[in-house]
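Novice: Just passing along the structure, written as C-alpha cells.
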Amino acid sequence: GLGAAVLVQSPKAPAPVAKIEQAPTVPVLVAATDIPVGNTVTATDLRWLDWPLASVPAGIIRKDETPEAETEIIGQVARYATLGAEPIRREKLIKTDGTGFLSAILPAGKRAIAITTERSGANTAGGFILPNDRVDVIRTSRDDSNNRDGSAPISEAVLVNVRVLAIGQNVQEKNGEKVVVGETATLELDPHQVDIVALAQKTSSLSLALRSLQDAGELSPPTSEGGMTLVRYGVTSKGV
C-alpha cells in the first residue's frame, strides 16, 4: 500500500513540446500612416515591416534589395491613396521635380479644367464624387424658342465618362470675409473637350453625374462636330 501511494504522488513526466520554427521574413517598406492623394511623402510616413518571405508580392520594396529606398521615396507625391501598413509601390507615387501636382499626373495630350458647381452638392451627386471617379458632364439651360414664358429647361450631356482629378471648395472674399460660395471639380479632358466645357460654363449651369465603376470603361463621347444629347420635357433628341 505504501508503494502504491508513492507511485500515485510521484510527478508525471512532462509531455514533449513540439518545436515551431519561425518562418523567414524580410523587411518591406510600408506606409506608417494613411497617405492621401496629392500628399508629399515624408520620413514619418514610412517604416519597415517584417513580411513573410514566402508571401512577398511582386513589386514590393524590400530592404535587402534597396536599403536606401526611404531616401528615394521621400519627397515624391502620392498619385493614389495608400493606407497605413500598406506596402509602398512606386507606381502609386510620382516625382514632381518642383512642378505642380496636377501637371505631373496629367497624361500627355490631356488638359485639366475646373468647373464650378453649387455649394449644396446637388450638382456633384450629393457630394459623393471623389478624385479618380468617372462622371458625365450635364449642361442645363433655358430654351426660349419653344416656350412663350422663356422657361423651358434643356438638359444636355455635353461630355461622358471623363475623369475627376480633384474636388474642392471655392472660397471667395465677401464683405471682407472669406466665404464658401460653391465647389470646384477639376476634370481631365482633351483639348476639344476643354472648348466644349469652357463655352458651356459661360452660357449655362453644369452638373456632374457619377458613373458606376462597372461601366466606367465605356467610351461614348459626343461627336467631334459638337453633337449633344438633348432632353426636353423628358423627351430625348439629338442636337448639334
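Each reported figure results from applying straightforward, stated rules to the coordinates on display, with no laboratory input. Predicted model only: the values in this text are computed from it and were never measured. Cβ sites come from the backbone with ideal geometry, for glycine too, and all protein chains shown count toward neighbours.
Novice: Given a Förster radius of 30 Å and the C-beta distance between Glu65 and Asn132 as r, what FRET efficiency does 1/(1 + (r/R0)^6) yield to the nearest 0.05? Don't skip to the end; give the middle numbers.
Specialist: Details: r = 30 Å, r/R0 = 0.99.
Once the sixth-power term is evaluated, E becomes 0.50.
Novice: So, by mean Cβ neighbours within 10 angstrom, what's the order for 46-55, 189-198 with the highest one leading? Please list the in-between numbers first.
Specialist: Numbers: 46-55: 13.8, 189-198: 15.6.
The most tightly packed comes first, giving 189-198, 46-55.
Novice: With the Cα gyration tensor of region 28-110 giving a ≥ b ≥ c as the square roots of its eigenvalues, does the rule (a/c under 1.5 for rounded; else a/b larger than b/c for prolate; else oblate) give rounded, prolate or oblate? Mind showing how you got there, number by number?
Specialist: On the way: a/c = 2.03, a/b = 1.87, b/c = 1.09.
Cα axes put region 28-110 in the prolate bin.
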